[in-house]
Amino acid sequence: MSTATTASVSTHILDTSIGRPAEGVAITLTARSGADADWVTLGGSKTDADGRCKDLPALPEGTTHVRLDFETETYFVSKSKTEAEAQQDAPRVRDSGAFFPEVAITFAVVPGEHFHVPLLLNPFGYSVYRGS
């Protein structure tokens with residue numbers, strides 16, 4: 001729950017190559033309190049069957065920047081390659097199972113606001129935006 005002195009963060013992932021939520025993606029949350037401050041790992045979670053992380057750690061007071069690290073390689077390796085590739089005319093996924101083995105999203109936050117940052121993901125690209 002956010003207060004006037006803290007911000008809060010949530011996310012979800014949609015695998016746009018199959019039009020479904022991305023389940024089981026590990027996410028790490030880090031934060032810092034100023035552009036020159038060190039990053040502090042606060043913890044992490046995994047997406048549920050709906051592609052959502054409902055239990056990301058709370059942000060400490062004074063947080064100004066947040067980074068979400070999505071471990072996408074494990075997700076794509078675990079998916080049937082034919083399931084994802086059947087949806088597109090694209091070269092085969094690299095040996096690692098994903099062209100982007102991880103996605104790191106860094107954004108600024110302000111106290112008292114909630115920041116929902118969805119990730120739209122496919123084996124060859126991704127997009128993020130500030131949701132509601």
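Taking interchain pairs and intrachain pairs at least six residues apart, which have beta carbon atoms under 7 angstrom, with the first residue in the stretch 32-52 and in contact (Cβ under 8 Å) with a residue 24 or more places away in the chain and the second among the β-branched types (V, I, T) and outside any strand (DSSP E or B)?
Close Cβ pairs satisfying both conditions: R32/T64; S33/T63; S33/T64; G34/T64; T47/V25.
For the stretch 33-59, what are the residues that are surrounded by 13 or more Cβ atoms within 10 Å (Cβ to Cβ) and of a type outside the set (D, E, K, R)?
S33, A37, L42, G44, S45, T47, G51, C53, L56, P57, A58, L59
When only residues in the stretch 120-132 that are over 14 Å from I18 (Cα atoms) and either touching a Pro at 6+ places or on another chain (Cβ under 8 Å) or in contact (Cβ under 8 Å) with a residue 60 or more places away in the chain (or both) count, which is surrounded by the fewest Cβ atoms within 10 Å (Cβ to Cβ)?
If we take residues in the stretch 120-132 being over 14 Å from I18 (Cα atoms) and either touching a Pro at 6+ places or on another chain (Cβ under 8 Å) or in contact (Cβ under 8 Å) with a residue 60 or more places away in the chain (or both), then Y129 is surrounded by the fewest Cβ atoms within 10 Å (Cβ to Cβ).
Could you figure out which of (1) at pLDDT below 95; (2) on the phi > 0 side of the Ramachandran plot isn't true of G51?
The single condition G51 does not satisfy is (1).
Which one is modelled with the highest pLDDT, of the residues in the stretch 1-39 that are within 17 Å of P111 (Cβ to Cβ) and among the β-branched types (V, I, T)?
V9
Check T30 against each of (1) among the polar types (S, T, N, Q); (2) surrounded by 18 or more Cβ atoms within 10 Å (Cβ to Cβ); (3) assigned to a loop (DSSP other than H, G, I, E, B) and name the one condition it does not meet.
(3)
Considering each residue of the stretch 33-68, count those that are under 18 Å from E113 (Cβ atoms), assigned to a strand (DSSP E or B) and more than 14 Å from the chain's Cα centre (by Cα), and give that number.
The qualifying residues number 2.
Is one or more of the residues making up the stretch 81-102 in a helix (DSSP H, G or I) and either among the acidic types (D, E) or modelled with pLDDT of 95 or more (or both)?
Scanning the stretch 81-102, I find at least one residue that is in a helix (DSSP H, G or I) and either among the acidic types (D, E) or modelled with pLDDT of 95 or more (or both), so the answer is yes.
Please enumerate the residues belonging to the stretch 103-129 that are over 19 Å from R32 (Cα atoms) and outside any strand (DSSP E or B).
P118, P123, F124, Y129
The values are calculated or read from the model by the stated rules, or taken from the named source; none is laboratory data. No experiment lies behind these values; they were computed from the predicted model shown. Note: ideal-geometry Cβ built from the backbone for every residue, glycine included; neighbour counts use all protein chains shown.
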